[in-house]
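Enquirer: Here you go, one structure.
Read-outs throughout are calculated quantities, based only on the coordinates presented, and are distinct from any laboratory measurement. Values in this document were obtained by computation on a predicted structure and should not be read as measured data. Using ideal geometry, Cβ is built from the backbone for each residue, glycine included, and neighbour counts are taken over all protein chains shown.
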Amino acid sequence: MKTIKQEVHLNAKPEEVYEAYTDAEKHGEFTGSKVVFEKKVGGKFSAWDGSLDGENLELVNGKKIVQKWRADDWPKGHYSTLTIELFPDAPSPVILGNEVTPESNKKDSGQVFDRESQTESAGMTKGNKGTRLILTQENVPDDKASDIDDGWHQYYWEPMREYFKNRKLNE
């Protein structure tokens, strides 16, 4: 099993990022998919038309989301633990990085991926406060970790950046 770690910056307040992820309608707006989200501890969720599902283990408004999380192509009954932490932060044009490590040797093994993003594509402008988001996803099947790692960027962080950029333009 592997652990995925990512740190990204989004041009929105932590409360707005939290709401975009936990509100089914908003989540569906930026992903373009059907989402069900019971916004309570013990509540069930599904996204991407049922391709992802799980249960909310901890919800702290504007600060933290912890979920039991799985994809439909994972072994039956296997769940990872997803933790998303949100911190107020100034904008940064760079996604600080990702790390995928084996569960058995988190400190000494694994690959580190650095991704760069232009300030414009991140929807950030000079002087705006944003959110520093730290994602940790533990217990990801070895053969799925790379796809899940990439998927967070392709299907969540980039669309979420566009979502907030478009919302700012329409204000």
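Enquirer: Determine the gain in length on full extension of the stretch Phe87-Asp23; use 0.36 nm per residue of separation and subtract their C-alpha separation, reporting nm with one decimal.
Expert: Values: separation 64, 0.36 × 64 = 23.04 nm, distance 1.89 nm.
My answer for the length gained is 21.1 nm.
Enquirer: How large is ³J(HN,Hα), in whole Hz, for each residue of segment 150-160 in order, when computed from phi with the Karplus curve 6.51 cos²θ - 1.76 cosθ + 1.60 and θ = phi - 60°, using x for Gly and Pro?
Expert: Running phi through 6.51 cos²θ - 1.76 cosθ + 1.60 with θ = phi - 60° gives 5, x, 4, 6, 5, 9, 10, 5, 5, x, 5 Hz.
Enquirer: Cross-link list Lys64/Lys168; Lys76/Lys129; Lys34/Lys63; Lys40/Lys165; Lys76/Lys165: which exceed 32 angstrom alpha carbon to alpha carbon?
Expert: Values: Lys64/Lys168 24 Å; Lys76/Lys129 42 Å; Lys34/Lys63 25 Å; Lys40/Lys165 28 Å; Lys76/Lys165 38 Å.
Where the Cα-Cα span goes over 32 Å, the pairs concerned are Lys76/Lys129; Lys76/Lys165.
Enquirer: Additional query: Grab the beta carbon distance between Glu162 and Val60, set R0 = 25 Å, and tell me the FRET efficiency rounded to 0.05.
Expert: Numbers: r = 26 Å, r/R0 = 1.04.
E between Glu162 and Val60, to the nearest 0.05, is 0.45.
Enquirer: Quick one: length gained pulling Lys34 to Asn139 fully straight, 0.36 nm per residue minus the C-alpha distance? Write out the running numbers ahead of the final one.
Expert: Details: separation 105, 0.36 × 105 = 37.80 nm, distance 2.56 nm.
Fully extending the segment from Lys34 to Asn139 adds 35.2 nm.
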